[in-house]
Amino acid sequence: MKTLERLEDAAEWVPDSIPFYYRDSLQALRSIVSNPRVAEYCKWEPQKFFDAKENRVYTDVFSGNWLWDRQVASPVPKSNRTDQY
């Protein structure tokens, strides 16, 4: 925890200090992925779903065209991948 101190020219209603909690985002992601209770629900690539009539079904960002176009069309070079941890 860190404390953010009040600026000298801040309004009177601003508190003297505010506790600031932070976490290393990579460490947090590793913790989530390594937890077997939640890891199986994580999605790592876009998906396409179809109904019984072969119509495309959109459920969330992972089934939409935007993410599909970004991730499928431009693969990440092996040197930039983060799955090597």
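The values are calculated or read from the model by the stated rules, or taken from the named source; none is laboratory data. Everything quoted here is computed from the prediction, not taken from an experiment. FYI the Cβ positions are ideal-geometry reconstructions off the backbone, even for glycines, and counts take in every protein chain you see.
The table below gives the values:
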quantity: Failed condition for VAL76, given (1) hydrophobic (A, V, I, L, M, F, W, C); (2) surrounded by 10 or more Cβ atoms within 10 Å (Cβ to Cβ); (3) at pLDDT 80 or above; calculated: (3)
quantity: Qualifying positions in the range 4-27 - among the hydroxyl-bearing types (Ser, Thr, Tyr) and under 26 Å from the mean Cα position of the chain (by Cα); calculated: TYR21, TYR22, SER25
quantity: Scan of the range 18-47 for residues that are touching a strand residue (DSSP E or B) at 6+ places or on another chain (Cβ under 9 Å) and surrounded by 10 or more Cβ atoms within 10 Å (Cβ to Cβ), ordered by number; calculated: ILE18
quantity: Filter result for ASN65 (modelled with pLDDT of 80 or more and surrounded by 10 or more Cβ atoms within 10 Å (Cβ to Cβ)); calculated: yes
